[in-house]
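The values are calculated or read from the model by the stated rules, or taken from the named source; none is laboratory data. Note that the structure is a prediction, hence the values are computed from the model and not measured. In this analysis, Cβ positions are derived from the backbone assuming ideal geometry, glycine residues included, and neighbour counts consider all displayed protein chains.
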């Protein structure tokens, strides 16, 4: 990891001012993020064809799923990342086939402890509660000299390459229309995928040493400052506000309700459910799951 002299000097300067705040044992901060994701909308159409009007209508109906606001509550060692309850998306009931599937899962609080390297995701899927627990592995961040201003904070760029499977382990999307491959075809596709090189995706983060905590939105952490902006796959998260040491401190509680599983185990549960839906679709002559 190499940082040039100018960058190092700027880091030292930026770190000097806020150190007094972060020397307190009980300090706490909150960072507010807006998140926007994109999705291949052709999976909701017959034959993959959509008019511009249909696309606009679909984008509006999908908006609650693709545009969200989150709050990251953090201290020196722990953080909890969760959707803003005041702005949480309403149920998409009545949205047609596909939407019922997407409204059948709900992501709860996401807990990180950077001292003990513990990650826990509270997740509900088809009425069942899960605790997805993993040991946190440090990201191999590449530090860049490029900077930009995000609000009142000077942010530095950092990048990392991660496997697409790691990036999208929690992704849940409805089966494509007409996708009712039989078991043999599914097994063949799986075997072919096993021998392929993993697809790597570049994640771009912008962090600020002016908030010297090694925290960030979602699973991301490990930089010498709070991550203010993150681009990962089809999702962009941007911090709009930071509040430090408010009188109204919130306890950072470790999620503890649900069946404990690993990321791989949870991904398998999703895959099996989607295969079940494909099978039901085929038996029902292309209809939705029973």
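Assess whether residue 240 counts as being out of contact with any helix residue (DSSP H, G or I) (no Cβ under 8 Å at 6 or more places or on another chain) and under 19 Å from residue 82 (Cβ atoms). Don't jump to the end; show me each part of the working.
Details: out of contact with any helix residue (DSSP H, G or I) (no Cβ under 8 Å at 6 or more places or on another chain): yes; under 19 Å from residue 82 (Cβ atoms): yes.
For residue 240, the condition - out of contact with any helix residue (DSSP H, G or I) (no Cβ under 8 Å at 6 or more places or on another chain) and under 19 Å from residue 82 (Cβ atoms) - is met.
Out of the residues in the range 154-165 that are touching a helix residue (DSSP H, G or I) at 6+ places or on another chain (Cβ under 9 Å) and either free of Cβ contacts under 8 Å to residues at least 12 places away in the same chain or buried (at least 16 other Cβ atoms within 10 Å of the Cβ) (or both), state the one that is nearest to residue 214 (Cα to Cα). Don't jump to the end; show me each part of the working.
Initial filter on the range 154-165 (touching a helix residue (DSSP H, G or I) at 6+ places or on another chain (Cβ under 9 Å)): 154, 156, 165.
The next check asks that each one be either free of Cβ contacts under 8 Å to residues at least 12 places away in the same chain or buried (at least 16 other Cβ atoms within 10 Å of the Cβ) (or both); those that pass are 154, 156.
On the way: 154: 16, 156: 14 Å.
Only one residue fits best here, namely 156.
Going residue by residue through the range 83-102, is there one that turns out to be modelled with pLDDT of 75 or more, closer than 24 Å to residue 132 by Cα and either surrounded by fewer than 16 Cβ atoms within 10 Å (Cβ to Cβ) or more than 17 Å from the chain's Cα centre (by Cα) (or both)?
Quick first cut of the range 83-102, residues modelled with pLDDT of 75 or more only: 83-85.
Among the residues that remain, those that are also closer than 24 Å to residue 132 by Cα are: 83-85.
Then keep just the ones that are either surrounded by fewer than 16 Cβ atoms within 10 Å (Cβ to Cβ) or more than 17 Å from the chain's Cα centre (by Cα) (or both); that gives 84-85.
Taking every residue of the range 83-102 in turn, at least one turns out to be modelled with pLDDT of 75 or more, closer than 24 Å to residue 132 by Cα and either surrounded by fewer than 16 Cβ atoms within 10 Å (Cβ to Cβ) or more than 17 Å from the chain's Cα centre (by Cα) (or both).
If you go through the range 218-238 one residue at a time, how many are crowded, with 19+ Cβ neighbours inside 10 Å and not in a strand (DSSP E or B)?
Qualifying residue count, the range 218-238: 7.
Provide a single number: the residues in the range 103-133 that are part of a loop (DSSP other than H, G, I, E, B), closer than 20 Å to residue 65 by Cα and free of Cβ contacts under 8 Å to residues at least 60 places away in the same chain. Walk me through it before giving the result.
Of all residues in the range 103-133, those part of a loop (DSSP other than H, G, I, E, B) come to 103-104, 114-117, 126-127.
Still in the running and closer than 20 Å to residue 65 by Cα: 103-104, 126-127.
Right, trim to free of Cβ contacts under 8 Å to residues at least 60 places away in the same chain and you get 103-104, 127.
Within the range 103-133, residues that are part of a loop (DSSP other than H, G, I, E, B), closer than 20 Å to residue 65 by Cα and free of Cβ contacts under 8 Å to residues at least 60 places away in the same chain number 3.
What is the residue count in the range 134-143 for residues that are out of contact with any helix residue (DSSP H, G or I) (no Cβ under 9 Å at 6 or more places or on another chain) and not in a loop (DSSP other than H, G, I, E, B)? So that I can check it myself, show each step before the final result.
From the range 134-143, those out of contact with any helix residue (DSSP H, G or I) (no Cβ under 9 Å at 6 or more places or on another chain) are 135-142; that's our starting set.
Right, trim to not in a loop (DSSP other than H, G, I, E, B) and you get 135, 142.
Qualifying residue count, the range 134-143: 2.
Just to be sure before I move on: is residue 213 at pLDDT below 90, touching a helix residue (DSSP H, G or I) at 6+ places or on another chain (Cβ under 9 Å), closer than 28 Å to residue 110 by Cα and not in a strand (DSSP E or B) in the structure I sent? Reasoning before the result, please.
Values: at pLDDT below 90: no; touching a helix residue (DSSP H, G or I) at 6+ places or on another chain (Cβ under 9 Å): yes; closer than 28 Å to residue 110 by Cα: yes; not in a strand (DSSP E or B): yes.
Here the answer is no, as residue 213 does not meet what is asked.
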